[in-house]
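A.B. asks: Questions regarding the structure given below will be posed in turn.
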Amino acid sequence: MLICSPSPVTKGWDELGTELGVDWSGVEKSGPSFEEIAKKYNISPERQRTYLQRKMTGEAYFRSLSAEEQRRVLGPAKWLAWKEGKFAFAQLAKKTYSPVWGAGRGAASLKELLGEDEAAKYIRLSQWNRSTNWEKVDQKTVADLLPKVAVVKNSILLKPVSGKFFVPGVGSIDLLVPAGVDLVNVRVIAGNMTATPFRTASTWAEKIGGSPGDWQKLVGIVDGKYYTYEIHWVQHNDVKYDLKIKRSTRR
Amino acid sequence: MKLKYIGPSFGVESLTDGKVYICLGFEDGLLRIVDDSEEDYLYSVIPGPWDDQTVRGRWEVVEDDEDGTLTKLFEDVRISLENEARIGIKPRVVNVMEDDY
């Protein structure tokens, strides 16, 4: 029967053999040496010295890595969330238990760290910033990495938009944009997913619900046959609020 | 130019009953109003939420320009609506996806 357990120290075969009373002096090392690893992963001599001195905690060592290295280790979404302070470094390791292997340690998933909705949000964010040069943004916050305006998939007008349009000397016309019409070129211009703050998000959260950080202000276009209409609205959980017409333009 | 909205308050950041709003002008048949969001949007001369026809209020002129633009406009609106009511004709409904106006 094989029993595995985490050990706070690393010992060579010689040391283990002495402790267990077994002669393992002739057993060759099975893994690559630290020097071999350092060469393979291009770890600088300075960092090798620091590592060998073993004066750093795992967190301090991780923080000493470049943004690109950190991102490669954690993955883009988890790195973004960590960078924004959504969880502490220590939370990355979780205790596990298996009836076969017993107690152990494992890496906590983003979903375990943040919950399903927040995890999905950071995965989307990291995808949007795929082309970013991470070395250059090392010192920036997540808000700096977000676009000023985020392009999102087109949407549909779920309720008809209508109102009285008045032409002096002619009279009134009831304008109707029917339900089911496509809203195209939809963009988030403030709030969640953008670097642009949504000034009154806290008012919306207070009056309707949710967290202020989840509210968004969006813009979309209705292409009428003769006019285009720029529609603005506020959105939370895919529900549109306060639909307004910003401008109408003759095509 | 300033207009007072009288009617049911609607939206979180749209129009509030009894509140005076800055009107930036009358353009393309609609009024450009700086509403509760502190941004300017187009509102009808018969104001209400664009996505709920059941809520409608009215405007009252508080401050007009030298030409009396808003006073004249609302006088036109009043006459037009009275004529429509008197003759019994309903205003033309324009589906913007199909018709011109």
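A.B. asks: Quick test for you: out of B:22, B:87, B:46, B:6, pick the one residue that is surrounded by fewer than 19 Cβ atoms within 10 Å (Cβ to Cβ), touching a residue at least 40 places away in the same chain (Cβ under 8 Å) and of a type in the set (A, V, I, L, M).
C.D. replies: That would be B:6, the only listed residue that is surrounded by fewer than 19 Cβ atoms within 10 Å (Cβ to Cβ), touching a residue at least 40 places away in the same chain (Cβ under 8 Å) and of a type in the set (A, V, I, L, M).
A.B. asks: In this structure, does residue A:217 turn out to be buried (at least 20 other Cβ atoms within 10 Å of the Cβ) and basic (Lys, Arg)?
C.D. replies: Yes: the conditions hold for residue A:217.
A.B. asks: Name the residue that is farthest from residue A:46 (Cα to Cα), counting only residues in the range A:65-119 that are part of a loop (DSSP other than H, G, I, E, B) and under 11 Å from the mean Cα position of the chain (by Cα).
C.D. replies: Checked the range A:65-119; the qualifying residue farthest from residue A:46 (Cα to Cα) is A:86.
A.B. asks: So, of the residues in the range B:48-90 that are of a type outside the set (Lys, Arg), facing chain A (nearest Cβ under 10 Å) and over 17 Å from residue A:167 (Cβ atoms), which turns out to be nearest to the chain's Cα centre (by Cα)?
C.D. replies: B:48
A.B. asks: What are the residues in the range A:198-232 that are in a strand (DSSP E or B), of a type in the set (A, V, I, L, M, F, W, C) and within 9 Å of chain B (Cβ to nearest Cβ), if any?
C.D. replies: A:222, A:231
A.B. asks: Of the conditions (1) among the aliphatic types (A, V, I, L, M); (2) more than 7 Å from chain B (Cβ to nearest Cβ); (3) closer than 19 Å to residue B:41 by Cβ, residue A:177 clears all except one; give me its number.
C.D. replies: With respect to (1) among the aliphatic types (A, V, I, L, M); (2) more than 7 Å from chain B (Cβ to nearest Cβ); (3) closer than 19 Å to residue B:41 by Cβ, residue A:177 is out only on (2).
A.B. asks: Also, I was wondering about something else. Restricting attention to the range A:86-104, which residues are surrounded by 10 or more Cβ atoms within 10 Å (Cβ to Cβ) and of a type in the set (D, E, K, R)?
C.D. replies: Within the range A:86-104, A:86, A:94 qualify.
A.B. asks: Test of understanding: among A:104, A:31, A:21, which residue is out of contact with any Phe, Trp or Tyr (no Cβ under 8 Å at 6 or more places or on another chain) and either modelled with pLDDT of 75 or more or closer than 30 Å to residue A:125 by Cβ (or both)?
C.D. replies: A:21
A.B. asks: Turning to a different aspect of this structure: Test residue B:45 against the criterion of being at the interface with chain A (Cβ under 8 Å from one of its Cβ atoms) and under 20 Å from residue A:249 (Cα atoms), and give yes or no.
C.D. replies: The answer is yes for residue B:45.
A.B. asks: Among the residues that make up the range A:138-154, is at least one of them part of a loop (DSSP other than H, G, I, E, B), hydrophobic (A, V, I, L, M, F, W, C), modelled with pLDDT under 85 and crowded, with 17+ Cβ neighbours inside 10 Å?
C.D. replies: So far as the range A:138-154 goes, yes, one or more of its residues are part of a loop (DSSP other than H, G, I, E, B), hydrophobic (A, V, I, L, M, F, W, C), modelled with pLDDT under 85 and crowded, with 17+ Cβ neighbours inside 10 Å.
The rows are residues; the columns are (1) touching a Pro at 6+ places or on another chain (Cβ under 8 Å); (2) in contact (Cβ under 8 Å) with a residue 12 or more places away in the chain; (3) under 21 Å from residue B:24 (Cβ atoms).
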{"site": "A:153", "(1), (2), (3)": "no, yes, no"}
{"site": "A:170", "(1), (2), (3)": "no, no, no"}
{"site": "A:207", "(1), (2), (3)": "no, no, no"}
{"site": "A:211", "(1), (2), (3)": "no, no, no"}
{"site": "A:227", "(1), (2), (3)": "no, yes, yes"}
{"site": "A:240", "(1), (2), (3)": "no, yes, no"}
{"site": "A:245", "(1), (2), (3)": "no, yes, yes"}
{"site": "A:250", "(1), (2), (3)": "no, yes, yes"}
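The values are calculated or read from the model by the stated rules, or taken from the named source; none is laboratory data. Not measured: the values here are computed from a predicted model. Glycine also receives a Cβ, built like all others from the backbone with ideal geometry; neighbour counts cover every protein chain displayed.
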